[in-house]
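Beneath this line is the structure, given in structure tokens, with notes to follow.
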């Protein structure tokens with residue numbers, strides 16, 4: 001290489017190497033400070049695209065877990081109210097048994113029937129007032145089959161749809177919680193003719209215990225009501241177990257998707273620190289050599305001066 005004064009090729013070469021080393025050092029610093037291997041599309045265009053899809057999947061799975069947990073809480077609310085209704089039904093059967101025997105007068109049976117009707121009214125009140133987040137659970141609003149669900153209005157009707165998957169496939173991403181009505185009338189109890197001022201004999205089984213015959217008929221009706229209530233609770237219990245299994249499965253999916261996303265996105269600190277140290281040394285060396293290369297032009301001045 002000849003000695004020239006128009007161009008300092010050594011300094012130019014050194015400056016280019018310094019720029020490359022400094023750029024690599026800046027990249028290592030950015031990765032180590034952010035903890036991410038991919039900070040922009042320029043770092044890994046294909047990896048960025050895959051990472052963003054995975055991030056959306058992870059967030060959807062995490063929200064699905066929250067949706068399922070909310071549904072479990074809702075089911076527990078309904079089951080708790082049904083537990084209270086269960087106590088009322090037991091008391092109603094106790095009253096029916098009391099009125100079935102012949103040792104009570106008609107006036108005494110009317111008194112017993114008044115408590116019976118009060119229990120029936122309380123069951124209806126509980127069924128109509130039990131709600132979760134403004135959604136009434138036991139008044140029949142959530143009854144029916146999946147085909148009767150309508151989510152197109154602002155307020156959906158029919159069985160409650162629990163959406164936990166990341167798509168909209170009925171076989172994979174959601175299912176329905178259906179809860180039949182638990183009011184006294186739905187269970188076939190209370191508010192009989194005697195309670196309305198009639199003779200009582202015209203009331204159907206379970207509506208009144210104002211006479212010995214009606215009280216005896218009410219026993220079977222109350223048993224049927226208890227069975228109906230137990231079917232609702234059993235259905236809710238099985239749905240709660242299903243949701244628990246769904247949460248477990250979603251958690252596994254989210255965890256493994258997060259691991260895959262980490263492989264693409266997160267920086268390997270040990271490896272990147274090695275690169276940082278290497279680039280730091282190269283940068284420092286290039287700065288030192290550029291200082292030396294910039295002084296080579298003085299050699300030509302010495303020849304001219306000599």
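Observations, loosely collected:
- Segment 90-237: C-alpha gyration tensor shape, a/c 1.5 cut-off, then a/b vs b/c: prolate
- For the residues 276, 132, 164, a GNM of the chain with alpha-carbon springs under 10 Å puts the largest fluctuation on 276.
- Full-extension gain in nm, residue 172 to residue 94, via 0.36 nm per residue minus C-alpha separation: 23.4 nm
- Cα-based shape type of segment 162-299, given that a ≥ b ≥ c are square roots of the gyration tensor eigenvalues and the cut on a/c is 1.5: prolate
- Between helix 269-294 and the chain: long-axis angle, C-alpha atoms, 0 to 90°, nearest 10: 30 degrees
- Peptide ranges 141-153, 112-124, 237-249, 85-97 listed from the most packed, as the mean C-beta count within 10 angstrom indicates: 112-124, 85-97, 237-249, 141-153
- Correct choice for Rg/Rh (Cα atoms, Kirkwood Rh) that was computed from the model, options [x] 1.00; [y] 1.49; [z] 0.95: [y]
- Sorting the segments 217-230, 284-297 by their residues' average number of neighbouring beta-carbon atoms within 10 angstrom, most packed first, yields 217-230, 284-297.
- Nearest-ten-degree value, helix 9-34 long axis tilted from longest Cα axis of the chain: 20 degrees
- Sequence-separation-based contact order of segment 69-265, relative, with Cα cut under 8 Å and 6+ spacing, percent: 24 percent
- Residue among 16, 31, 51 with the largest mean-square fluctuation in a Gaussian network model of the chain, springs linking Cα atoms under 10 Å: 16
- Degrees between helix 106-129 axis and first principal axis of the chain (Cα, 0 to 90, nearest 10): 20 degrees
- Segment 47-64 and segment 120-137 have Cα centres separated by 39 Å.
Taken together, the values in this text are just the output of simple stated rules run on the coordinates, not laboratory data. The model shown is predicted, which means the values in this text are computed figures rather than measured ones. Note that each Cβ is placed from the backbone with ideal geometry, even for glycine, and that neighbours are counted across all protein chains shown.
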